[in-house]
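Structure first, then comments.
Readers should treat all values here as calculations from the given coordinates under stated rules, not as data from a laboratory. This is a predicted model, so every value here is computed, not measured. Cβ sites come from the backbone with ideal geometry, for glycine too, and all protein chains shown count toward neighbours.
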Amino acid sequence: MDHNKIVATTLKPPPKKYGVTHWSSRLLAQHLGVGNATVARAWRQVGVQPWRAESFRFSTDPELVAKVTDVVGLYLNPPTDAIVLCVDEKSQIQALDRTAPVLPMQPHLIERRSADYIRHGTTTLFAALEIATGHVTGALKPRHRRQEFLAFCKQVARAYPDRELHLVMDNYAAHKTPRSRTGSPRTRASPCTSRPPTRPG
């Protein structure tokens with residue numbers, strides 16, 4: 001069968017009778033009455049990958065260009081005698097204990113773990129990555145509020161005494177860290193996303 005027909009069919013949604021949103025090579029081969037290998041070759045030839053998807057988002061932030069210019073400028077041309085840190089936080093990390101030990105991977109067997117667990121609450125991870133060296137300053141906090149984030153910013157400032165700091169962070173974090181509250185006039189926050197600021201908690 002002509003590869004062009006295989007690709008053309010691939011780019012159209014499967015009939016509703018199949019109950020799927022994307023073609024698999026086996027389903028398309030069955031639908032067209034060809035071999036699975038024929039479909040796979042056609043897909044490789046033109047780089048079609050129906051099983052993959054990416055997401056995107058259009059920004060409505062009127063300050064997006066200024067933010068991108070600020071952040072990219074910090075990476076491409078860091079200020080003299082200053083430290084550039086990429087700061088982020090991960091909240092609601094679950095502290096879990098499985099009810100049985102994890103069974104390690106073995107030949108012909110994948111790693112296995114019990115489906116049930118004991119939950120010991122959550123924690124929040126704050127981290128600041130030094131762009132030039134890869135060094136990370138981190139902290140675990142029991143909650144994810146303004147005061148925890150500001151305490152972490154003060155910890156970062158203490159880790160780099162007598163150095164000007166540029167913190168690249170998302171709008172949520174930048175909104176929680178006005179310079180007057182970080183405990184260090186040497187610290188400057190640069191928001192790097194177009195998400196509207198979250199109201200402080």
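Working note: 222 nm ellipticity from helices only, DSSP H runs with n ≥ 4, each -39,500 (n - 2.57), summed and divided by the residues of the chain, gives -8500 deg cm²/dmol to the nearest 500. Straight-line reach from K154: taking Cα to Cα under 20 Å and skipping same-chain neighbours fewer than 8 places apart, the lysines in range are K90, K141, K176. Residues of the chain were split at every exposed loop site, defined as trypsin sites (Lys or Arg not before Pro) in a DSSP loop with at most 10 other C-beta atoms within 10 angstrom, and the longest piece left, sites excluded, is 58-201. Restriction of the chymotrypsin sites (Phe, Trp or Tyr not before Pro) in the stretch 23-87 to DSSP coil positions whose beta-carbon has at most 15 other beta-carbons within 10 angstrom yields W51, F56, F58. Geometric descriptor of the chain, per residue, is 249 Å³ (volume of the convex hull of the Cα atoms). Compactness ratio for the stretch 3-46: Cα radius of gyration over 2.2 N^0.38 Å (N = residue count) comes to 1.04. Partner lysines whose Cα lies under 25 Å from the Cα of K17, excluding those fewer than 8 positions away in the same chain, are identified as K5.
Between helix 146-159 and the chain there is an angle of about 70 degrees, using the helix long axis and the longest principal axis of the Cα atoms.
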